[in-house]
Amino acid sequence: MARSPAAAARLDAVAAAKQLHRDLDLQRRVTEGSGFVDVFEVISELDIPLVFKPLTSALGLCLPAPLRGIMITTKRGLHIQRFTGAHELGHAVLEHRGSVDREMLYRGSLTPTAGRDLQEVAADAFAAEFLLPRWLYRHHIRAQEWTVAGHLRNPDVVYQLSLRMGASYEAVCWGLVGHQILPESEVDELLKVKVAKLKSRLGGEFRPGSSWSDVWRLTAKDNGACLIGNPDDLLRIELEEVAGGGYQWQIDALRQAGYLVLSDESAFSRDPLHYGAPAVRTLIARPPEQGTGEVTLRESQPWAGENPADPTFALALSLQGPESGGLSRANRRRFGM
Ligand SMILES: [Zn+2]
């Protein structure tokens, strides 16, 4: 049976996104680096003009080929801006005739196509593949030692996965189906969950600064991670501590880096309870106001001072929220502005 035009358009778009990953060596760069695809940096690298404006009637637009140029609204959150950027990049790479986009569909190759413009079908499929490729799921699932059967049916886990990929919970859910990691019936269950509920469970009595901000659950497996999000996100850091040996995580480094430590608790694992077992130190902290910077915590014996062999836990923050207007931050970095 011949492929439908929509199916052919999607396959071409997915192939173009994969080709761009290869051309820019993105799999290596992303998995050895920040852990998310920096679409605005890619647009800058391709010398495609990109500007952010307070558009109210569209999320984004792309000029027709052979002109190239992308505009994205400042009126939406970072995850939507990033997906819109990937969609418009799709129009540019696939040399479409130009487009003004009022909505984004996150289902990638699962979006119903009846009555839809084939260029939009293609740009949606491109965006899903470009931002949320199968190798990026695999990277985070391995790094966190999650299993499909044991973890990915849990909405709390999928929420944490979505934060690390710099995408919305919904988009990441659809990617699980698109890459055939989970069947659609199970993802339907995940999609019924209210993300606000997941956030409030994690932060306990503390809430992120606004309803669109997130709560990160970070453990030793996130050592060296780069977090992308909003400056009023809340961080819940859970680290094992060998309290029996007098070792403690020295959290002054957080305060010195501008973090506000809201809560600091220690709990021993009771199951089984034995002497010398590590306790879990749980910190809830607000990141520094500017949302950027690096911090390294050390687990040391307070009386012994710093020892190069002490375990460390490092984080880099890119919690700057949505792009706020004019050039992208990637472009400003590139041009030293
Ligand atoms: Zn479009």
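Note on TRP174, TRP249: ascending count of other Cβ atoms within 10 Å places them as TRP249, TRP174, the fewest first.
Computed from Cα atoms, the angle from the helix 118-131 axis to the main principal axis of the chain rounds to 20 degrees.
For the chain, the share of DSSP beta bridges that are antiparallel, to the nearest 5, is 75%. In a simple Cβ point-charge model (Lys, Arg +1; Asp, Glu -1; nothing else charged), the chain has a dipole of about 640 debye relative to its Cα centre. For the pair PHE335 and LYS75 in one chain, pulling the backbone fully straight at 0.36 nm per residue adds 91.1 nm over the alpha carbon distance. Paramagnetic label reach from ASP252 (point 7 Å along Cα→Cβ; backbone nitrogen cut-off under 11 Å): within the range 285-306, residues 302-303, 305-306. Sorted largest first, the principal axis extents computed over the alpha-carbon atoms of the range 17-150 equal 42, 34, 28 Å. Between the range 104-162 and the range 12-54, the alpha-carbon centres lie 16 Å apart.
When DSSP beta bridges are restricted to pairs lying wholly in the range 5-131, around 60% turn out antiparallel.
With neighbour counts taken as other beta-carbon atoms within 10 Å, the residues ILE80, ILE141 rank, fewest first, as ILE141, ILE80. The angle between the Cα long axis of helix 155-165 and the longest principal axis of the Cα atoms of the chain comes to about 70 degrees, rounded to the nearest 10. Using the Cα gyration tensor of the chain, with a ≥ b ≥ c the square roots of its eigenvalues, what is the shape: rounded (a/c below 1.5), prolate (a/b larger than b/c) or oblate (neither)? Prolate, since a/c reaches 1.5 and a/b exceeds b/c. Adding -39500 (n - 2.57) for every DSSP H run of four residues or longer, then dividing by how many residues the chain holds, sets the calculated 222 nm ellipticity at -10500 deg cm²/dmol. With the highest mean first, a sort of the peptides 230-237, 284-291, 120-127 on other beta-carbon atoms found within 10 angstrom per residue produces 120-127, 230-237, 284-291.
Ordering of 64-74, 185-195 by packing is 64-74, 185-195, highest average first (other Cβ atoms within 10 Å, averaged per residue). Does the range 135-193 classify as rounded, prolate or oblate by the C-alpha gyration tensor (a ≥ b ≥ c root eigenvalues; a/c under 1.5 gives rounded; else a/b over b/c gives prolate, otherwise oblate)? Rounded. Against the main long axis of the alpha-carbon atoms of the chain, helix 134-143 sits at an angle near 0°. Listed from fewest to most Cβ neighbours within 10 Å, the set THR84, THR56, THR147 follows the order THR56, THR147, THR84. Once each part is reduced to its C-alpha centroid, what is the distance from the range 171-197 to the range 311-337 in angstrom? Taking the Cα centre of the range 311-337 as reference, the centre of the range 171-197 is 29 Å away.
Shape of the range 277-337 from its Cα gyration tensor (a ≥ b ≥ c, root eigenvalues): rounded if a/c is under 1.5, otherwise prolate when a/b > b/c, or oblate? Prolate, because a/c is 1.5 or more and a/b exceeds b/c.
Any read-out appearing in this document is the output of simple, stated calculations on the displayed coordinates, not a laboratory observation. These numbers were taken from a predicted model, which means no experiment stands behind them. Quick reminder, even Gly has a Cβ in these numbers, built from the backbone with ideal geometry, and neighbours come from all protein chains shown.
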